[in-house]
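Beneath this line is the structure, given in structure tokens, with notes to follow.
The values are calculated or read from the model by the stated rules, or taken from the named source; none is laboratory data. Note that the structure is predicted; figures quoted are calculated from it, not measured. Virtual Cβ from ideal backbone geometry, glycine too; neighbours counted across all protein chains shown. Just the protein is used for accessible areas: all its heavy atoms, side chains included, with ligands, DNA and RNA removed. Shrake-Rupley method; radii C 1.70, N 1.55, O 1.52, S 1.80 Å.
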Amino acid sequence: MEQESFSPQDSLKIIQSMLEKTREDFSRDDIYFLVWGWITFIACTGQFILKNLVHYPRHYQVWWLMMVGIVFTIYFSIKERKESRVKTYISESMKFLWIGMGITYFVLSIILSKTGWSNTIFPFYILLYGLGTFVSGCFLQFRPLVTGGILAWVIAAVAAYLDYDYQMLMGALAILVSYIIPAYMLRKKTRSVTV
Amino acid sequence: MFKELDPILHSQLRLAVMSLLISVKEAEFTFLKEKTNSTAGNLSVQINKLKDAGYIDVTKQFSNNYPQTICKVTKKGIEAFEAYVKALQSYMNPNGQ
């Protein structure tokens with residue numbers, strides 16, 4: 001870019017093109033949605049299969065898979081922080097939103113283990129997925145995530161009317177529509193912008 | 001009535017840098033260089049001018065043994081950018097609306 005005289009119209013063009021360039025760098029978050037989406041989907045369907053088809057008494061142990069997600073998130077976020085050359089307000093907001101969500105899930109687990117799990121855990125979890133994906137979708141201005149969040153809220157309400165076993169499957173369905181499908185769409189969009 | 005355009009901002013590269021920094025929390029020198037498609041030398045000179053005007057904060061640090069220059073827009077920089085955009089609007093709509 002050279003220094004030369006330029007008109008107010010040129011100034012506006014520069015401002016506009018630079019603002020668009022920062023937008024391109026927004027969406028590296030799809031990897032987190034994909035990893036957490038698939039882990040939770042496998043855990044939900046895995047628990048359903050172990051409980052109802054295999055009749056394994058400790059079916060809930062499949063949720064230890066979450067540790068894989070935690071280890072991956074810590075490793076990848078440290079690596080990303082070293083490589084990252086820009087901090088956007090959106091990436092910072094997303095980070096704190098999902099840290100807050102993670103803590104909320106953890107505290108909710110403690111509360112529900114004390115007050116009784118049955119018939120409540122999955123509707124509450126799905127409700128929170130809805131909140132997280134809806135807000136993320138609004139931050140990223142990415143409609144499939146916003147829609148996914150709204151669908152998760154609907155699924156949470158429906159799940160409250162079902163037995164615990166079928167709530168697991170509703171959990172898997174919520175993950176599919178609010179995390180996994182929007183994450184692949186986000187990935188496709190990001191690739192098409194950056195290639 | 002035409003408002004005067006801030007000479008610090010009315011330069012292609014400095015305006016591009018400020019436009020990038022206004023929409024992010026902070027950015028590294030290499031990010032600015034890539035997005036503005038400028039040379040390191042020229043960018044370095046323009047960043048120093050913005051820094052001297054108090055429009056940006058520049059922090060130098062080391063990451064994995066490599067020097068890193070982090071730039072961040074200041075409150076004064078945001079106000080100057082907003083005033084510049086307002087002045088531009090007076091050129092676009094000289095009759096007031």
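See the values below:
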| read-out | value |
| --- | --- |
| A:LEU112-A:ILE78 FRET efficiency (beta carbon distance; Förster radius 30 Å; 0.05 resolution) | 0.45 |
| Rounded to the nearest 20 debye, dipole of the protein assembly as shown from Cβ charges on Lys, Arg, Asp, Glu | 380 debye |
| For chain A: lysine pairs under 19 Å (alpha-carbon distance), excluding those fewer than 8 apart on one chain | 8 |
| Max mean-square fluctuation residue, GNM over chain A, Cα-Cα springs under 10 Å, options A:LEU65, A:LEU169, A:LEU34 | A:LEU65 |
| Gaussian network model of chain A, Cα within-10 Å springs - most flexible of A:TYR56, A:TYR129, A:TYR32 | A:TYR56 |
| Accessible area buried at the B-A interface, both sides summed, 1.4 Å probe (Å², nearest 100) | 2700 Å² |
| Using a Förster distance of 45 Å, the FRET efficiency for A:MET66-B:ASP57 (Cβ separation, nearest 0.05) | 0.65 |
| Probe 1.4 Å, protein heavy atoms only - accessible area per residue of the protein assembly as shown in square angstrom | 56 Å² |
| Per-residue SASA entry for A:HIS55, accessible area with 1.4 Å probe, Å² rounded to 10 | 130 Å² |
| Portion, in percent, of the accessible area of region A:29-194 that falls on carbon or sulfur, probe 1.4 Å | 72 percent |
| At R0 = 25 Å, FRET efficiency that the Cβ-Cβ distance of B:ILE78 and B:THR39 yields, to 0.05 | 0.40 |
| Heavy-atom accessible area, 1.4 Å probe, ligands and nucleic acids excluded: residues of region A:47-90 down by at least 20 Å² from chain alone | A:LYS82, A:ARG85, A:VAL86, A:LYS87, A:TYR89 |
| Of A:LEU97, A:LEU53, A:LEU151, the one that fluctuates the most in a GNM where chain A has Cα springs shorter than 10 Å | A:LEU53 |
| Delta accessible area of at least 30 Å² on complex formation, residues of region B:49-97, 1.4 Å probe, chain isolated as reference | B:ASN64, B:LEU88, B:MET92 |
| Where chymotrypsin sites (Phe, Trp or Tyr not before Pro) fall in DSSP loop in region A:92-127, at most 15 other Cβ within 10 Å | A:TRP117 |
| With every protein chain in place, chain B: carbon and sulfur % of accessible area (1.4 Å) | 51 percent |
| Loop-located chymotrypsin sites (Phe, Trp or Tyr not before Pro) in region B:1-63 whose Cβ has at most 11 other Cβ within 10 Å (DSSP) | B:PHE2 |
| Members of region B:2-25 that become less accessible by 10 Å² or more once partner protein chains are added (1.4 angstrom probe, chain alone as reference) | B:HIS10, B:SER11, B:GLN12, B:LEU13, B:LEU15, B:ALA16, B:SER19, B:LEU20, B:ILE22, B:SER23, B:VAL24, B:LYS25 |
